[in-house]
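The values are calculated or read from the model by the stated rules, or taken from the named source; none is laboratory data. These numbers were taken from a predicted model, which means no experiment stands behind them. Every residue, glycine as well, gets a Cβ built from its backbone with ideal geometry; the counts of neighbours run over all protein chains shown.
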Ligand SMILES: Nc1ncnc2c1ncn2[C@@H]1O[C@H](COP(=O)(O)OP(=O)(O)O)[C@@H](O)[C@H]1O
Ligand SMILES: [Mg+2]
């Protein structure tokens, strides 16, 4: 989107990705646009089904076989990911990308000792000291023991630290973490995020965190991109977007975030559900749920605009920005 820096590492332009299903195509991305700068930490937020995972996996062309890039473009460190040949793609994944998934156990081979799996991630034939040193950087307490352990002998938090170590083993330029702490105990989420942020700093990589935990990302992300209906509907500096949202959906997400309520004030769940798109959305995808909607929202697809220092995809972003009160108080219907 418009807020990308000149030295963008990732550029996503009007990307459309459809999943072929027996009932017909479903759009995971419906013209997504986003630029990710070198060395920044960007959070992508939105309800389940908004397109976060589709976008994150598209960066490594790691989508399932039923997914098709229909149009648009995604480049990562100069590589056209959609058009790249298999060899170029393998090299990109191996040398420049690191992926961290929600469930660390699914990323680890249950039959192989951790040391061997980490060795593979490093490549070549690394000494056990090298393997242990990498695990220590991921702040595992007893790396020498972990090297000889099997995945089932580790806690979820330890396993995720192993996956993080593997993801940074080859000094990637881009780390994509899809709900990296969602499967972990609440008590260790913050610590794992701190480790991830520290390693991002050491490697100079860009970090993309896909999450629906607004409180977590408020502490860890430089910028936030809000997704809805397969598009990035608002993007900007974290404080700008979370303190003065210009998109009604961002407002609703904030109002619904646990822990954001003032004493005595109830949370406001977002009524309704996100759309499942079977074709290009020719309106605002959020219109059916939006308290600010006007007739034009149901007939005209909004394009992104620069609104008070961030990008917003809303016909009425300026007035959303300035209207006070909760969305329900402000709601027109
Ligand atoms: N393998 C798939 N087959 C069919 N539809 C899918 C598949 N994966 C995702 N989708 C659909 O694509 C949209 C975006 O999903 P996803 O990228 O997983 O969102 P998020 O990660 O934000 O929950 C949703 O409508 C979802 O149902
Ligand atoms: Mg997801």
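Which members of segment 189-212 meet the condition of being part of a loop (DSSP other than H, G, I, E, B) and buried (at least 20 other Cβ atoms within 10 Å of the Cβ)?
Of everything in segment 189-212, just one residue is part of a loop (DSSP other than H, G, I, E, B) and buried (at least 20 other Cβ atoms within 10 Å of the Cβ), namely 205.
Write out, first by first residue and then by second, each pair whose Cβ atoms fall under 8 Å of each other, whose residues are 6+ apart or on separate chains, and whose first residue, in segment 12-32, is farther than 11 Å from residue 63 by Cβ and modelled with pLDDT under 95 while the second is more than 10 Å from ligand 1 (Cβ to nearest atom) and outside any strand (DSSP E or B).
That search, which allows pairs on different chains as well, returns nothing.
Checking the conditions here, which among 71, 48 is in a loop (DSSP other than H, G, I, E, B), touching a residue at least 24 places away in the same chain (Cβ under 8 Å) and closer than 18 Å to residue 231 by Cβ?
It is 48.
Can you name the condition, by its number, that residue 88 falls short on among (1) touching a strand residue (DSSP E or B) at 6+ places or on another chain (Cβ under 9 Å); (2) surrounded by 14 or more Cβ atoms within 10 Å (Cβ to Cβ)?
If we test residue 88 against (1) touching a strand residue (DSSP E or B) at 6+ places or on another chain (Cβ under 9 Å); (2) surrounded by 14 or more Cβ atoms within 10 Å (Cβ to Cβ), just (2) comes out false.
What is the number of the single condition among (1) surrounded by fewer than 18 Cβ atoms within 10 Å (Cβ to Cβ); (2) at pLDDT 95 or above; (3) in a loop (DSSP other than H, G, I, E, B) that residue 60 does not meet?
(1)
Any idea how many residues of segment 10-45 are part of a loop (DSSP other than H, G, I, E, B) and either within 12 Å of ligand 2 (Cβ to nearest atom) or touching a strand residue (DSSP E or B) at 6+ places or on another chain (Cβ under 9 Å) (or both)?
Filtering segment 10-45 down to residues part of a loop (DSSP other than H, G, I, E, B) leaves 22-23, 38-40.
Subsequent filtering for residues that are either within 12 Å of ligand 2 (Cβ to nearest atom) or touching a strand residue (DSSP E or B) at 6+ places or on another chain (Cβ under 9 Å) (or both) retains 38-40.
So the answer is 3.
Hey, which of the helices (runs of 4 or more DSSP H) in segment 213-290, taking only ones fully inside, have at least 2 residues that are modelled with pLDDT of 95 or more and closer than 23 Å to residue 12 by Cβ? Steps first, answer last, please.
Details: elements: 214-220, 238-243, 248-256.
Answer list for segment 213-290: 238-243, 248-256.
Out of curiosity, is residue 166 crowded, with 19+ Cβ neighbours inside 10 Å, more than 16 Å from ligand 1 (Cβ to nearest atom) and at pLDDT 95 or above? Before you say what the answer is, go through the steps one by one.
On the way: crowded, with 19+ Cβ neighbours inside 10 Å: yes; more than 16 Å from ligand 1 (Cβ to nearest atom): yes; at pLDDT 95 or above: yes.
Against the criterion (crowded, with 19+ Cβ neighbours inside 10 Å, more than 16 Å from ligand 1 (Cβ to nearest atom) and at pLDDT 95 or above), residue 166 qualifies.
Going by what's in this entry, would residue 58 be described as closer than 16 Å to residue 207 by Cα and more than 11 Å from ligand 2 (Cβ to nearest atom)? First the steps, then the outcome.
On the way: closer than 16 Å to residue 207 by Cα: yes; more than 11 Å from ligand 2 (Cβ to nearest atom): yes.
In short, yes.
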